Amino acid sequence: MVGRALFVCETALNINKKGLQYKLIKAFLLQVTLISIATALAVFAAAKVVEDVLIRKALQGEATHFWALYLQNPNFPKPNTLNLNGYLVVNNDKSKLPKELQQLKPGYFRTLFNGRHPIVYVEDHGNARLFLVFDEEQVNALAFYFGIVPLSVVLILIYLFAWLSYRQTKHAISPVIKLAEIVEHFDFKSHSFAELDLGEVRKTSDSDVAKLIEALDHFTERSQLFIEREQNFTRDASHELRTPLAVIKSSLGLLQKRKDFQPNEQQSLLMIEKTLVDMEGLIETLLLLAREESSPMPEESVLINDLLSTLVEQVQRALGNNKISIEIAQHCLLSVPAAEKVLTILFTNLLRNAFRYTPSGMISVSIDKQQVSVSDTGIGMEQQQLEKVFDPFYRANADGSGYGLGLTIVKRLCNQFGWTLTIRSKLGEGTCISVTFPKGQRMGGGI
C-alpha cells in the first residue's frame, strides 16, 4: 500500500519531462517555432509570387505597351528607367546588343548581366525582338525597409506576446508546480503522510489548486489510516500466530520421539514438520515487512556467497529430495548493502519456489556481478501463467504445496528496496528468476 500511494503521489504531480512546466515550455517553444516557420514560408511564397507572377506580368505589360507605341512610331525610344532597361533587335542585328543577352531566346530568365543577376524578359514581334532587363535590387532594398523590417517588428511583437502569455500561464500554474516539487522531494519512506507539509501552497487563491490540495489531504489521510491498520493487523496477527505454532512445534517434537509409528504415520509427521517450517517462515516474513514499513531496518554489507551457501543447505535439508541436485556457480564475491534478514527471506522464497516446482532434475544458483539467478528444470510456466505469477495466492500448479505467497513477497521486497526482478520460464523446461542489486559490489574475481 505504501508503494502504491507513493507511486500515485510522485507520478500525478511530478515536474520531470512529463510535468506541467516541461509541457508549458514545450508548448511555448513549439508555438514560436511554428510562427517562425509559417512566417518564413509566407515570405518565401510572397517572394516567389512577386518574382514569378507580378514581375512577369509587369514585364509583359511593358512589352505590350512598347509594341503598341512602336507600331505607331518605329523611332519610339526603348524603355530606360532606374530599374528597367530595354534593348531592341531588328532584322537579327545584334551588334548593339550586350553579349550576355545575345544567346537568349524569347522567354523569362534570370541571367548574369553586368555582374548582377537581373530578370530578363524576351519577346518577338514581327522582325523585331525586345529585351527587357529588370534589376530588382533597388526594389529589394525597398522591400526590405518597407516589408521585412515591419514584418520583423510584427514577429518580435508576436514573440513578446507569446512570452508574456507563457509567463502568465506559468504564474497561474505555479502553485501546482510548487505542489509537485514538494511531493517530489518528500521522503515517503522515512516520513509518514501526516508529515507532508503543504503550508507553502495553501495560501493560494486559485480555487482549482485549493481543491487539488484538499483532495491530496484526504488521500494522504485515508492512505495513512489504511497503512496503519494494515501494519497493526500484520504485526498483531503474526504475534498471535506464534503462540499456537510454538505449541504445535513442541507437541510435534514429543511425537517424533516415539518409535511406535507406522511408516505412513512417520510420513505424516514429516509433512507436518515441513508445513510448520513454512508457516514459521511466512510469519517471520510478515513481521519483518510490518517492521520495515514502520521503522526501516539498518543496512549492513552482506556477502551473498556465504549467505546463499547457508540458505541452500537449509532449504535442501527441509524440502529437498534425492531426485534433485543443486549447484552454486560463484563467478565473483558479491556484497550487497541491505538487512541480512531481508536477503534471507528473499532468497529462501526463491529457493523454496524452485524446490517445490521441480519434481526431479537440477537447481542452479548463479552469483555474478550485481545479480543472483536461481534456475530450475522443473515444470515451468507458459506466458499466461507468467502474467499472474506475482499475484497473491497464485500457484502455477494447483496440486503443489505452499501458499502462493513466495514470489509475491519477493516482488514486494524488490520493489521496496529498489532491486530489479526478472523471470523467464518455459512450460516443461523450467524457470529462471534473477534479482539485480544496483548497489551491489563485486569484491573479487572468479571463484
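The values are calculated or read from the model by the stated rules, or taken from the named source; none is laboratory data. It should be emphasised that the depicted structure is a prediction, and the values quoted were computed from it without experimental measurement. All Cβ positions, glycine included, derive from the backbone under ideal geometry; neighbour counts span all protein chains shown.
Key figures
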{"read-out": "Cβ pairs under 8 Å, 6+ apart, first in the stretch 369-384 and basic (Lys, Arg), second assigned to a strand (DSSP E or B)", "value": "Lys369/Leu334; Lys369/Arg442"}
{"read-out": "Options Glu137, Glu123: the member that is at pLDDT below 85 and charged (D, E, K, R)", "value": "Glu137"}
{"read-out": "Residues that are surrounded by 14 or more Cβ atoms within 10 Å (Cβ to Cβ) and not in a strand (DSSP E or B), drawn from the stretch 315-332", "value": "Val315, Gln316, Ala318, Leu319, Gly320, His331, Cys332"}
{"read-out": "Subset of the stretch 63-84 [in contact (Cβ under 8 Å) with a residue 40 or more places away in the chain and farther than 14 Å from Arg129 by Cα]", "value": "Leu82, Asn83, Leu84"}
{"read-out": "Flag if Ala45 is under 60 Å from the mean Cα position of the chain (by Cα), part of a helix (DSSP H, G or I), at pLDDT below 80 and not charged (D, E, K, R)", "value": "yes"}
{"read-out": "Number of the exception - Arg116 against (1) modelled with pLDDT under 80; (2) over 55 Å from the mean Cα position of the chain (by Cα)", "value": "(1)"}
{"read-out": "Residue tally, condition assigned to a helix (DSSP H, G or I) and either aromatic (Phe, Trp, Tyr) or in contact with a Pro (Cβ under 9 Å, 6 or more places away or on another chain) (or both), over the stretch 333-345", "value": "0"}
{"read-out": "From Ser375, Ser335, residue being under 16 Å from Gly440 (Cβ atoms) and under 32 Å from the mean Cα position of the chain (by Cα)", "value": "Ser335"}
{"read-out": "Residue check for Leu351: modelled with pLDDT of 85 or more and farther than 28 Å from Leu276 by Cβ", "value": "no"}
